[in-house]
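Heads up: the structure comes next, in structure tokens.
The values are calculated or read from the model by the stated rules, or taken from the named source; none is laboratory data. The model shown is predicted, which means the values in this text are computed figures rather than measured ones. Positions of Cβ are backbone-derived with ideal geometry, glycine not excepted, and every protein chain shown enters the neighbour counts. Quick note on the areas: whole protein, heavy atoms, side chains included, nothing else; ligands and nucleic acids left out. Shrake-Rupley method; radii C 1.70, N 1.55, O 1.52, S 1.80 Å.
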Amino acid sequence: HVGYVYTFQDRTEIKALEEQVARKDRMAVMGSMAATIAHEIRNPLTAISGSFHVLRAELPLDTEHQRLAENISVEIKRLYRIITDFLAYAKPMNYSPQVVDLKELTCDTINLIKNSPEISRRHQIECNVDPKHSWFCQGDPDLLKQVYWNLCGNAVKAMPDGGRLSIELEEAPEDSVKISFRDTGTGLTDEEQEKIFHPFQSSFNDGVGLGLTVVSQIVAAHQGAIEVTSTKGEGTTFQITLPRQAVSH
């Protein structure tokens, strides 16, 4: 033997595309199942809720029974929230693209978050935008607002004792724009990062685990991409890349 020839191939992009396809397949299957479950549960749940509130108003309850009744009320509301998330996940997405000012959308979201009851003086929310650049893109403003709200809400939940949330708009190649959401919260393990966009995966005790799945669906509808990087105990960054041009469907 005179020597050896080694061939190397970077499969990073291929593996990422394979994961995107697998994620879409999982979402399609779970979406169909979620729609069936939601409709089967919602009607009897409505009857249970109505009957319970009538009984609660008419029956004399002592302190202990009042506490139990309040627990029932809380759990009924939680079930309603789960059903609502199911339907949001399962229903066909109404995508209506138009020109969106991402700078305005970012500022509006920050103002709403700052006035939410979850925010304390220990939270710092900032926006980094280069005023020299145009931050317009083609997208559905209502769906993008939902993406912003979900990601910002998760960031605040990940910082229960306070911290910093930074939203940054950046230029990206191939006529696209990047939106980064960086928090200094509890962070994610490698295993949690791998499953972060899977249905019913939540890092929060009160979470259903569909919020980020819906975010992923919305980004896919815009023919964009979303990535997460995180270090446990240090924080998490979600980075979204959106095309500036209109998306055909």
Rounded, prolate or oblate: which fits the chain when a ≥ b ≥ c are the square roots of the eigenvalues of the alpha-carbon gyration tensor, with rounded for a/c under 1.5 and prolate only if a/b beats b/c?
prolate
Report the one residue of Thr12, Ser49, Val2 whose Cα lies farthest in the direction of the positive end of the charge dipole of the range 1-50 (charges on C-beta: Lys and Arg +1, Asp and Glu -1; origin at the Cα centre).
Ser49
The rounded separation in angstrom of the Cα centers of the range 8-23 and the range 130-150 is 27
Sites Glu174 and Asp10, calculated FRET efficiency, Cβ-Cβ separation with R0 22 Å, nearest 0.05:
0.70
Computed [θ] at 222 nm, deg cm²/dmol, the chain (DSSP H ≥ 4; -39,500 (n - 2.57); rounded to nearest 500)
-16500 deg cm²/dmol
Residue order for Leu242, Leu68 - accessible surface, 1.4 angstrom probe, largest first
Leu68, Leu242
Could you sort Lys114, Lys178 by their accessible area in this structure, using a 1.4 Å probe and putting the largest first?
Lys114, Lys178
Rounded to whole Å, sorted largest first: equivalent-ellipsoid semi-axes of the range 12-127, Cα gyration tensor
37, 26, 14
How many angstrom separate the Cα center of the range 94-111 from the Cα center of the range 40-79?
39
What ranking of Phe136, Phe8, Phe197 comes out by heavy-atom accessible area, probe 1.4 Å, highest first?
Phe8, Phe136, Phe197
So what does Ile41 come to for accessible area, using a 1.4 Å probe and Å² rounded to 10?
70
Expected unfolding gain across His53-Gln138 under the 0.36 nm per residue rule, minus the alpha-carbon gap, is 26.0 nm
What does the accessible area of Asp183 come to, in Å² to the nearest 10, when a probe of 1.4 Å is used?
20
Multiplying the sequence separation of Asp25 and Asp101 by 0.36 nm and subtracting their Cα-Cα distance, what value in nm do you get?
24.2 nm
Taking the simple approach of a point 7 Å from Cα along Cα-to-Cβ for both Thr189 and Glu64, what is their distance in nm?
4.0
